[in-house]
1. Let me spell it out: the conditions are (1) at pLDDT below 90; (2) over 30 Å from LEU130 (Cβ atoms), and ALA73 meets all of them except one. Which number is the exception?
2. Quick one: SER109 ticks every box in (1) free of Cβ contacts under 8 Å to residues at least 40 places away in the same chain; (2) surrounded by 17 or more Cβ atoms within 10 Å (Cβ to Cβ) except a single one, so which number is it?
3. Select from segment 152-189 the residues that are among the hydroxyl-bearing types (Ser, Thr, Tyr) and modelled with pLDDT of 90 or more and write down the one among them that is nearest to LEU105 (Cα to Cα).
4. When you scan segment 26-127 for helices (runs of 4 or more DSSP H) that lie fully inside it, which ones turn up with 2 or more residues that are under 30 Å from VAL143 (Cβ atoms) and more than 15 Å from the chain's Cα centre (by Cα)?
5. What do you reckon, is PRO118 within 16 Å of ARG27 (Cβ to Cβ) and open to solvent by 30 Å² or more (accessible area, probe 1.4 Å)?
6. Could you identify the single residue in ALA44, ALA111, ALA97 that is within 17 Å of PHE154 (Cα to Cα) and modelled with pLDDT of 90 or more?
7. Just one of (1) open to solvent by 40 Å² or more (accessible area, probe 1.4 Å); (2) over 25 Å from LEU64 (Cβ atoms); (3) at pLDDT below 95 trips up GLY128, so point out which.
8. Quick one: count up the residues across segment 39-58 that are open to solvent by less than 60 Å² (accessible area, probe 1.4 Å) and within 25 Å of LEU98 (Cβ to Cβ).
Amino acid sequence: MAKTGQASGGRGDARLTEKGIYTAALRLIDADGVGALSMRKLAAVLGVNPMSLYHHVPNKAALLRGVKNLVAAQFQPQVDGGIWQEQLYRFAEDFRALAHRHPNLIVHSLAGPDFIEPEDPFWTGLTGILNSAGVPATEVAAVGAVLASLFSGFLLAEGNGTLGRLAALQPTPTAGPAATASSADAGGDRSFTFAVQTLIAGIEAHLSPVTSR
C-alpha cells in the first residue's frame, strides 16, 4: 500500500471517484472548517499525489461546489401527509438537522448568494409546500425567496453563535441578572419553533386576503 500522500494517483486511480473526493473533503470541513481545506490536505487523506486531484477537480471553488451538492442531495425531507403547516414545520426541522450535521459548511455556504439553487431539494420542496398551501402560482417564487432568506438567516445566526448570545441578553441594563444558558434556550429549540411558527403565521396572513375574495 502506498504511504499517505505519496501515491502516484492519476486520472485512472480507483480511489479518485467524484463521490470519494467530495466525501473526504466534507470530512475535513466537518472537522476543521472550510478555511482548513486544501488540495494538499485532501490528497493526504485520500493517499494520492496532490496533482492527481486536478484531473477531477480544477480548483477549490469547484471542490466546494461539489461538496455543497453532495450535502444538498442528503436533504430528503419527509413531508408527506398532514396539513401544509405541519409539512412546513417538518421540512424546516429536517433541514435544520442537516445543518447541525455539517455546521462548518452551512455557515460558510450561507454567506454566498448561490447557497440555494433552483434544482436543490430545498427549493423544490419548499415551493411544493407553498403550492399545496394555496399560494398563487405567480407568487410562489417570491414567497419562497422570503422564507428561504429568513430561515437561512436563522441558521446562520444559530451556527455562528449570534442567536445564543442575543438570547442571553436582557432587554435593558436594569432588567435584572443576565439570563443563564438554560433559561436562554441554550439548544435553540424553542427559538427554532418560534421562528417557524412566525413564518407560518406570515404565510397564513398572506393567504387571508386571497381566500377571503
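The values are calculated or read from the model by the stated rules, or taken from the named source; none is laboratory data. The model shown is predicted, which means the values in this text are computed figures rather than measured ones. Glycine gets a Cβ as well: all are built from the backbone with ideal geometry, and neighbour counts include every protein chain shown. SASA here: full protein model, heavy atoms, side chains in, ligands and nucleic acids out. Shrake-Rupley method; radii C 1.70, N 1.55, O 1.52, S 1.80 Å.
1. Result: ALA73 fails condition (2) only.
2. (1)
3. Ranking the qualifying residues of segment 152-189, first place goes to SER152.
4. In segment 26-127, 84-101 are the helices (runs of 4 or more DSSP H) which contain 2 or more residues that are under 30 Å from VAL143 (Cβ atoms) and more than 15 Å from the chain's Cα centre (by Cα).
5. no
6. ALA97
7. GLY128 satisfies every listed condition except (1).
8. The qualifying residues number 3.
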